[in-house]
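Right, one structure below, let's go through it.
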Amino acid sequence: MEFVEPIRQVEKIRLMKRYLRKRSKRDFLLFVLGINTGLRISQMLELQYSDVINENVPRDYLIIINKSQKENIHLNHKVKQAILSYIRQGKFKQDDYLFQSSNKKAPITRQQAYRIINQAAIEAGISDKIGTHTLRKTFGYHGYKQGVAISLLQRRFNHETRGATLRYIGINDEKIEPPHIDVNL
């Protein structure tokens, strides 16, 4: 497996979102969910409609079970908007996969998710190595830059050390600068 980078420039994220929104609401949701939750692509692809929607309203949290421990993953406003936009375009059953393949009752493959993300990156002019882990790394990178404690990211990514998490999200020793902690009350 090749090492991939987070998307560091917010403008590149905006360009990818713009491209994906025009292309497919499903693909747009895949991207937005990934960069806003830090979930693994395997976790996202297994999500069903009922995991994110309750009585036609997006849930506040996803419940993910990792190695027999339960984790609540917050769904922010941008994720909820993307969910609503996506589900308005069709009828879903409770047990439908959220990222259902167009030709069968199964989720898209990891390879298809990679193609979606990679094509959007090309359209946005990103030359770094991009893959499905890019979504997760982008979440961590921007979370750290916005003041999320590295210990919380370390726990989310299930890393043993702080250093492993910093390397994973693309923060090298020579680049370390203090995060921007903005309480903004």
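No value in this document is a laboratory result; all are computed from the given coordinates. A quick note: this is a predicted structure, and the numbers were derived from the prediction, not measured. Cβ: placed from backbone, ideal geometry, glycine included. Neighbour counts: every protein chain shown.
Quick look at the numbers
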{"quantity": "Total charge dipole magnitude, the chain, about the Cα centre, Cβ charges on Lys, Arg, Asp, Glu only, Debye to nearest 20", "calculated": "600"}
{"quantity": "Phi to ³J(HN,Hα) by Karplus 6.51 cos²θ - 1.76 cosθ + 1.60 over the range 37-48, Hz, x for Gly, Pro", "calculated": "10, x, 5, 5, 4, 5, 5, 5, 5, 7, 5, 10"}
{"quantity": "Centroid-to-centroid separation of the range 84-135 and the range 1-57 [C-alpha atoms, Å]", "calculated": "7"}
{"quantity": "log₁₀ of I(q)/I(0) at q = 0.08, 0.16 Å⁻¹ - the chain, Debye sum with one point per alpha carbon", "calculated": "-0.25, -1.04"}
{"quantity": "Integer Hz, Karplus 6.51/-1.76/1.60 couplings in order for the range 167-172, x for Gly and Pro", "calculated": "5, 4, 8, x, 9, 8"}
{"quantity": "Among the listed pairs Lys78/Lys137; Lys70/Lys137; Lys17/Lys91; Lys67/Lys129; Lys25/Lys93, those beyond 20 Å (Cα-Cα)", "calculated": "Lys70/Lys137; Lys17/Lys91; Lys67/Lys129"}
{"quantity": "Neighbour-limited loop hits for trypsin sites (Lys or Arg not before Pro), the range 60-107 (at most 10 other Cβ within 10 Å; DSSP other than H, G, I, E, B)", "calculated": "Lys67, Arg88, Lys91, Lys93, Lys104, Lys105"}
{"quantity": "Angle between the chain longest axis and helix 133-145 axis [Cα atoms, degrees, rounded to 10]", "calculated": "50"}
{"quantity": "The chain: angle of helix 10-23 to the longest principal axis, Cα-based, in degrees nearest 10", "calculated": "10"}
{"quantity": "Amide H partners (placed H, <5 Å) of Gln48, local residues excluded", "calculated": "Leu98"}
{"quantity": "Simple Cβ-charge dipole of the range 66-142, Lys/Arg +1 and Asp/Glu -1, about Cα centre, in debye nearest 20", "calculated": "220"}
{"quantity": "Longest segment of the chain lacking GluC sites (Glu not before Pro) that sit in a DSSP loop with at most 14 other Cβ atoms within 10 Å", "calculated": "56-159"}
{"quantity": "On Cα atoms only, tilt of 110-123 relative to the major axis of the chain in degrees", "calculated": "70"}
{"quantity": "Amide H partners (placed H, <5 Å) of Ile53, local residues excluded", "calculated": "Arg59"}
{"quantity": "Per-residue HN-Hα couplings for the range 149-164 [Karplus 6.51, -1.76, 1.60; θ = phi - 60°; Hz; x = Gly/Pro]", "calculated": "4, 4, 5, 5, 5, 4, 5, 4, 7, 6, 8, 6, 10, 4, x, 5"}
